[in-house]
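I have placed the structure first, in the form of structure tokens, so that the comments after it can refer back to it.
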Amino acid sequence: MKHDNHINSMYMRESLLDKDVMSKSAAAPTFKMLPHVHIVKVGASSFIDKGRDVTYPIVDKLRDILKNETLVISTGGGARSKHLFSVGIDLGLPTGVLAQLAGEDALGNAHILGTLLSPEGVIAIPPESIGHLLPLFLKAAPGVIYAGMPPYSIWEHPSQVGNIPSNRTDAGAVLVADTFGMKTVTLVKDVDGLYDKDPYQHDDAVFIDKISVDELEKMNLQTLPFNRVLIDIMKTTKLCTSFQIVNGNNPDLIEASIKGEHVGTIIHNNNYVG
């Protein structure tokens, strides 16, 4: 009796290095695991590092939003990570080690926000749990908080310039949103959005309310209010087609953003409809 030991699969006899073969994988739609969830990234340098006066109003607004919406909240390491990068680079630590250490700083700030929002049942979850247990946690609570640093750890991609990891906490928010198919992505900063120059240093800086990543790449701006690697990431995202930068000094803008209102700068890719 003859047995067929081959697996009947589209890619069984194909090379996954072939461009035509890879393009076939785009034919099927991608399932959205958490299409009702919003992700909000709170800048640690912009708010948590500055203490109660600027952090509490954001926490109060998040508390209100959680009454009606499901949130995944992320944050970064802020000043501690910047100090860590300074010391680590002086010691000659490679990019992967710096990424691993920065993730610990971000987790510390996640626990700070988790503590402040604990009366609402919101907790900070460790990076190793977010992938497998995030849907479960969001069934039990109106929101969770996590360290926004992508857990590439020692596998962090070498940066094009210098040794500071390119995939930091803004990138982490978009990557999570694209994986889970989340409804909106809001980056909460201490500026109104994107400008053609640093508005704190140039009075003639021009505000940009909406722009594609292709247009943004051509502009080659000196500074950005988000991780520059997002320009490359957003070119290939499938489910996260845009994110919005809002000024957290007006916490009401956070709620407006997750409701789909245009209240800051929208950065989008070619798949964006809006």
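What follows draws every value from the coordinates through simple rules; no lab data is involved. None of the values given here were measured: they were computed from a predicted structure. Every residue, glycine as well, gets a Cβ built from its backbone with ideal geometry; the counts of neighbours run over all protein chains shown.
Computed quantities for the displayed model
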{"quantity": "Candidates Val40, Val72, Val87, Val59 - the one that is assigned to a helix (DSSP H, G or I), under 22 Å from the mean Cα position of the chain (by Cα) and of a type in the set (Val, Ile, Thr)", "calculated": "Val59"}
{"quantity": "Condition broken by Val174, with the remaining ones in (1) touching a Leu at 6+ places or on another chain (Cβ under 8 Å); (2) under 26 Å from Lys32 (Cα atoms); (3) free of Cβ contacts under 8 Å to residues at least 40 places away in the same chain satisfied", "calculated": "(3)"}
{"quantity": "Output for segment 166-187, where each listed residue is part of a helix (DSSP H, G or I) and within 17 Å of Lys235 (Cβ to Cβ)", "calculated": "Asp170, Ala171, Ala173, Val174, Leu175, Ala177, Asp178, Thr179"}
{"quantity": "Matching entry among Asp53, Asp105 (being of a type in the set (Asp, Glu), without any contact (Cβ under 8 Å) to a residue 24 or more places away in the chain and assigned to a helix (DSSP H, G or I))", "calculated": "Asp53"}
{"quantity": "Residue ranges of helices (runs of 4 or more DSSP H) in segment 190-274 with at least 2 members in contact with a His (Cβ under 9 Å, 6 or more places away or on another chain)", "calculated": "252-258"}
{"quantity": "Odd one out for Lys139, checked against (1) touching a residue at least 12 places away in the same chain (Cβ under 8 Å); (2) out of contact with any Gly (no Cβ under 7 Å at 6 or more places or on another chain)", "calculated": "(1)"}
{"quantity": "In segment 239-272, the residues that are touching a helix residue (DSSP H, G or I) at 6+ places or on another chain (Cβ under 8 Å), farther than 23 Å from Glu69 by Cα and surrounded by fewer than 18 Cβ atoms within 10 Å (Cβ to Cβ)", "calculated": "Asn270"}
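Per-residue answers, yes or no, for (1) among the aliphatic types (A, V, I, L, M); (2) without any contact (Cβ under 8 Å) to a residue 24 or more places away in the chain; (3) in contact with a Ser or Thr (Cβ under 9 Å, 6 or more places away or on another chain):
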| site | (1), (2), (3) |
| --- | --- |
| Gly114 | no, no, no |
| Glu128 | no, yes, no |
| Leu133 | yes, yes, no |
| Tyr146 | no, no, yes |
| Pro150 | no, no, yes |
| Pro158 | no, no, yes |
| Arg168 | no, no, yes |
| Met182 | yes, no, no |
